[in-house]
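Read through the structure below, which is laid out as structure tokens, and then see the notes.
Read the figures in this text as sums done on the coordinates, not as results from a lab. This is a predicted model, so every value here is computed, not measured. Cβ placement follows ideal geometry from the backbone for every residue including glycine, while neighbour counts extend to all protein chains displayed.
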Amino acid sequence: MPGYLFVLTYYAGKRLIALTLRFIKGGALVTEPLLIQGGMGVAVSNWRLARAVSAEGHLGVVSGTMLDNVFVRRLQDGDLSGDIRRALAAFPDRLMAERIYHRYHIPGGKQREAPYKSIPMHTARLTRDAQELLILANFVEVFLAKEGHNGLVGINFLEKIQLPTLPSLYGAMLARVDYVLMGAGIPKQIPEILDALSIRQSVSMKLHVEQFPGGDAREAVTRFDPAEFPDLGAGRLNRPKFVAVVSSNTLAEMLAKRSKVDGFVVENHTAGGHNAPPRGGIKLDDRGEPVYTARDSVDLGKMRSLGLPFWLAGSYGNDGKLKEALEEGAVGIQVGTPFAFCEESGFSDELKKEVLTRAINGDLSVSTDVLASSSNYPFKIASIPGTLSEDEVYESRERVCDLGYLRTLFFKEDGTIGYRCPGEPVDNYLRKGGRLEDTECRKCLCNGLMAAVDYPQVPKNGEVEKPLVTAGQSVNNIIRFLPPGKNSYSARDVVKLLVGALREPHYVF
Ligand SMILES: Cc1cc2nc3c(=O)[nH]c(=O)nc-3n(C[C@H](O)[C@H](O)[C@H](O)COP(=O)(O)O)c2cc1C
């Protein structure tokens, strides 16, 4: 059993602040949030949700995934609440903010049936426009999440989506983000990048490129230099803490040894979103889902021995799970699914209502699809009529790749970098040297997730993109957050129920 742990809860103003204080290996005292609201892309954990959680004294996390496209679609919907406009007024470079605002803003909002103006897909050499947009979009999301309280705010990125990461981090840091959390890969380059960006030094990141022997390694790099944006200021920036999302203690050990990680979220395969594949290869059960075994459980003894704080995730939004996690040596838990369907989350009202109704009737099922995501990671999909979970809806969609975040990079025969996604039109993929078998059953996560948060594209054929909903395996439990007589619940209801039992000082020895 780990050393002394105190859960300290106190009121700051009217808010309950809950932190764990723990003496970890080597005698250091850590104070960390007890509850992390997991980053949920695309724009499910938006600034509204993160702000609500942070204001309750926990760590609210915005999703940084596809944020530039989310930002321009919000502007094209008119920014009717004026929130973006307000955030832009705090951006250090007013001219840049105005320029981008007017490029995309449509007063009153676009017609529902009109397509959104898109932005060019990312490449290893981002244009000035692309970098500016990423900086601004990430700044705005973090700024709004931090507005009106003194709580902590984090931002979540996926290692698998590398091209937008550097300017995104800078934008989030300009808005004083407190934590960066990253999974879906091995984010070993990020801690040093955060160190450098905090002193506004130029940074670079090695890219994952397929067919590597065919190309020039010097090409497989993306760069960002804050000096090219002198109007964004010159002083030192706060270096956010870096938390890696892992599903194995071996990966945690490697990261702890090789980079300056400040902690880990240890996520199991029941969690919503992408999951790590089973260790030792994918075997499917008779429903076509991957089989996870005892080999996939993380050795928490080894996690404790790393001497770094960690949070447990994957169905931890359930009774007694926070206490259980603390007793296992974690400093807290990360929870996604219960927050994903609360009033403040980005899922469309229609989908939230549908999910809650189905959960109440007990007929909501979630499966793990090993082919849906072009990232090659298993992906949790909720079965909901009218969404891409249904075969007819999936099959009637014409394949289009117009957002391109999950494209992989490969070296072309001439040694330059190409971009391809197994979810794109099959002919295009094959022309780029991709394999036919890789295209089967792929779903367009980019467009499906955008549609789920109510920013659906209207392609040329006029068929509005259909949503795709991801949720964790314990999704049916969300009904316990409904206050008596109500048919929706707030982020605060989730926090109250999960942490409520620990309102009194809690000690574990
Ligand atoms: C709708 C949804 C989207 C998610 N998207 C991401 C993501 O973009 N990045 C990430 O690291 N985790 C993502 N997750 C995982 C959560 O951050 C969290 O770790 C997980 O939901 C915890 O398990 P639970 O769903 O059982 O509570 C997502 C989860 C959900 C439900």
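Just a few scattered comments:
- Charge dipole (debye, nearest 20) of the range 225-300; +1 at Cβ of Lys and Arg, -1 at Cβ of Asp and Glu: 300 debye
- Taking every C-alpha pair closer than 8 Å and separated by at least 6 residues, the mean separation divided by the residue count of the range 69-158 gives a relative contact order of 33 percent.
- Values of log10 I(q)/I(0), in the order q = 0.09, 0.10, 0.15, 0.18 Å⁻¹, for the range 177-332 under a Debye, Cα-only, solvent-free model: -0.40, -0.49, -0.94, -1.16
- Cα centroid separation - the range 195-271 against the range 402-447, whole Å: 24 Å
- Length gained on full extension, Asn361 to Glu390, computed as 0.36 nm times the residue gap minus the Cα-Cα distance: 8.5 nm.
- Here the spin labels are modelled as points 7 Å beyond Cα on the Cα-Cβ line, and at Lys257 and Asp286 they lie 4.3 nm apart.
- Extension gain for the segment Lys486 to Lys412, taken as residue separation times 0.36 nm less the Cα-Cα distance, is 21.0 nm to one decimal.
- Legend: helices of the chain (whole DSSP H runs) are marked when their alpha-carbon atoms reach 15 angstrom or more along the helix axis and their mean Kyte-Doolittle hydropathy is at least -0.5; marked are 128-146.
- Semi-axes of the equivalent ellipsoid of the chain are 32, 27, 25 Å, computed as sqrt(5λ) over the eigenvalues of the C-alpha gyration tensor in descending order.
- When you count the other C-beta atoms within 10 angstrom of each residue and take the mean per peptide, 407-419, 275-287, 467-479 line up highest first as 467-479, 407-419, 275-287.
- Here the spin labels are modelled as points 7 Å beyond Cα on the Cα-Cβ line, and at Arg223 and Leu207 they lie 1.4 nm apart.
- According to the calculation over all Cα-Cα pairs in the range 429-502, the P(r) per 10 Å bin from zero is 15, 25, 29, 17, 11, 3 %.
- Total formal charge among the other residues, if their Cβ is under 10 angstrom from that of Ser247, Lys/Arg +1 and Asp/Glu -1: -1
- Across the cross-link table entries Lys117/Lys443; Lys321/Lys352; Lys117/Lys188; Lys321/Lys353; Lys283/Lys412, which are compared at the Cα atoms, the separations over 28 Å belong to Lys117/Lys188; Lys283/Lys412.
- Percent of Cα-Cα distances greater than 29 Å, calculated over the range 336-491: 25 percent
- Over the range 112-232, volume per residue of the alpha carbon convex hull, in Å³: 156 Å³
- Helix-only [θ]222 nm of the chain, DSSP H runs n ≥ 4, -39500 (n - 2.57) each, per residue, nearest 500: -8000 deg cm²/dmol
- When the alpha carbon gyration tensor of the range 290-383 is reduced to an equivalent ellipsoid, its three semi-axes come out at 28, 19, 13 angstrom, largest first.
- Gain in span if fully extended, Arg435 to Arg94, counting 0.36 nm per residue against the direct Cα distance: 118.1 nm
- Positive-end extreme of charge dipole, the chain - chosen from Gln201, Ile478, Tyr104 (charges on Cβ): Gln201
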